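The values are calculated or read from the model by the stated rules, or taken from the named source; none is laboratory data. None of the values given here were measured: they were computed from a predicted structure. Note: ideal-geometry Cβ built from the backbone for every residue, glycine included; neighbour counts use all protein chains shown.
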Amino acid sequence: MSEHAESSNEPLLRLDALACARLAPTTLSVAAGQCLAVLGPSGAGKSVLLRQIADLDPGTGEAWLRAQARSAMRAPQWRRQVVYCQAEAGWWHEHVAPHFPDADAARAMLARLGLAPDKLDAMVHECSTGERQRLGLARALLLQPAVLLLDEPTAALDADSTARVEAELRAALARGAGIVLVTHNESQARRLADTGWHMQAGVLSPLWQRRPEAAWA
Amino acid sequence: MGVISLSIADLLTAASLVLVSALISLLLRMGLGRQVLWAATRTVVQLLLVGHILRVVFAQDAPWLTALVLALMLGLAAREVAARPRERLAGRGNAWVGGLTVACTTVLTALFVLHTALRPDPWYDPRYTIALVGILLGSVLNAASLALDSMLSGIRRERAAIEAQLALGAPVGQAFAPLVRASVRRGIVPSVNQMAAAGIITLPGIMTGQIIAGMDPVEAAKYQILLMFLLCGASGLAAMGAAWLAMRRLTDTRDRLRLDRLLPERGDA
């Protein structure tokens, strides 16, 4: 294989034996526009994997973003491009607005996620769990990161909101983002993901793969 | 000067006031009687001991002896800073934070004043250095322990907020800013309040002492002003230092929040 071919084949995100006490060495790659779903019981290490990829916990192994080694860049720089979206988002201000640097872009995003634009002027504690979940997701999506690490992004949402979120995730994929999606919802995984994986006691194993022609559709 | 020397009989007379306190406790069944008497005994022993030690140190006028006394004072204050917060950093982290903060801020501010405003001759004259460090330590200890306690007790509460910012690519300094700010504020506020109240609500101890010792009240006031400024600066530095060092211990070079470096909360008290 020529050097040129190798660099053009370089996936968006590549994990090389990423491991910690609760995660067996994990090697996988995510291409641009690809979504990878991780299923499995609670406590199996799904969130641990996402936190490892985001470099939020100490561990071993290496991760690469477009052939750029994680260890070669400062951690905040990595996390701006590989954004971890917690199942229950944290808030560093009691108002919603300070969490969104660009208010206009935020209002447009909130509308697409089925949230009233005036939610931006609300207090965080006044919002429902489902609203907070979508606000947290909007916060991450607005950064337009190269890779999104989503921890049960629709756990607290009704069918309509879930569909809106999935549409927004598809738009991100179409822009060339990569997504690692942790979900308990098998049908959601089938709807969004190109490959399905199973996490059990810190060991990640392949479950299914969408037919190649479907992946290109 | 007109210093009234106190005799043993004078102190015994004053001790009757302690007995009043103990008696009140007894009558109201507060169960504090034993504690009051024990505290009074400690005061007598500790202060007389310090008085005698200082008399020897001042008479010897040997730099090494002064340095030894100062080191002992710094060490005890550092231990107090480490012990006061309810939460503990792993790997003797509290001791590190306490020791570094107390030593750096106290030595820095003491040297500053000894070479600018006070200028005793020699500059390490024990009469000045020991008294100065003694006063400084009180404020430094309070500011540092309050700031450290605020950081360590706040970190669990603020965990989600801090991690959310880190996950979106904020560096540790930015993610910790609100907690550090609140902790430093809590450390500094007492000394600011003390400055604001000085002379109106309370007559500060140093000034009172100097007036009783026969000094002109205005001269005594000037001394007190100098000390107030000094204490304000020292508590500011101490609160900042303790909060910053605690933040360093709770994070690592990859800008992670390392709650594993905070020991599990103890069940008691």
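Can you find even one residue in the stretch A:45-57 that is within 14 Å of chain B (Cβ to nearest Cβ) and either among the hydroxyl-bearing types (Ser, Thr, Tyr) or farther than 26 Å from residue A:197 by Cβ (or both)? The answer is yes; a qualifying residue exists.
Is it the case, given these coordinates, that residue B:198 is surrounded by 16 or more Cβ atoms within 10 Å (Cβ to Cβ) and within 11 Å of chain A (Cβ to nearest Cβ)? When the stated conditions are applied, residue B:198 does not pass them.
Listed here are the residues, each with its yes/no results for (1) surrounded by fewer than 19 Cβ atoms within 10 Å (Cβ to Cβ); (2) touching a residue at least 40 places away in the same chain (Cβ under 8 Å); (3) assigned to a helix (DSSP H, G or I); (4) away from every other protein chain (no Cβ under 14 Å).
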site: B:180; (1), (2), (3), (4): no, yes, yes, no
site: B:184; (1), (2), (3), (4): no, yes, yes, yes
site: B:188; (1), (2), (3), (4): no, yes, yes, yes
site: B:192; (1), (2), (3), (4): yes, yes, yes, yes
site: B:206; (1), (2), (3), (4): yes, yes, yes, yes
site: B:211; (1), (2), (3), (4): yes, no, yes, yes
site: B:214; (1), (2), (3), (4): yes, yes, no, yes
site: B:223; (1), (2), (3), (4): yes, no, yes, yes
site: B:235; (1), (2), (3), (4): no, yes, yes, yes
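Could you tell me how many of the residues in the stretch A:111-131 are out of contact with any Lys or Arg (no Cβ under 7 Å at 6 or more places or on another chain) and within 20 Å of residue A:167 (Cβ to Cβ)? Residues flagged as out of contact with any Lys or Arg (no Cβ under 7 Å at 6 or more places or on another chain) and within 20 Å of residue A:167 (Cβ to Cβ) within the stretch A:111-131 amount to 4. Among the residues of the stretch A:78-106, those that are within 11 Å of another protein chain (Cβ to nearest Cβ), without any contact (Cβ under 8 Å) to a residue 60 or more places away in the chain and closer than 25 Å to residue A:32 by Cα comprise A:78, A:79.
The condition of being in contact with a helix residue (DSSP H, G or I) (Cβ under 6 Å, 6 or more places away or on another chain), modelled with pLDDT of 95 or more and within 12 Å of chain B (Cβ to nearest Cβ) does not hold for residue A:75.
Select from the stretch B:239-269 the residues that are more than 11 Å from chain A (Cβ to nearest Cβ) and in a loop (DSSP other than H, G, I, E, B) and write down the one among them that is modelled with the lowest pLDDT. Looking at residues that are more than 11 Å from chain A (Cβ to nearest Cβ) and in a loop (DSSP other than H, G, I, E, B), I get B:269. Note on the stretch A:107-204: enclosed helices (runs of 4 or more DSSP H) holding 2 or more residues that are of a type in the set (S, T, N, Q) and more than 14 Å from chain B (Cβ to nearest Cβ) are A:159-174, A:186-192. The listed residues are B:157, B:119, and the only one of them that is within 23 Å of residue B:173 (Cα to Cα), free of Cβ contacts under 8 Å to residues at least 24 places away in the same chain and out of contact with any helix residue (DSSP H, G or I) (no Cβ under 7 Å at 6 or more places or on another chain) turns out to be B:157.
Scanning the stretch A:143-163 for residues that are closer than 20 Å to residue A:120 by Cα, surrounded by fewer than 19 Cβ atoms within 10 Å (Cβ to Cβ) and in contact (Cβ under 8 Å) with a residue 40 or more places away in the chain yields A:143, A:161.
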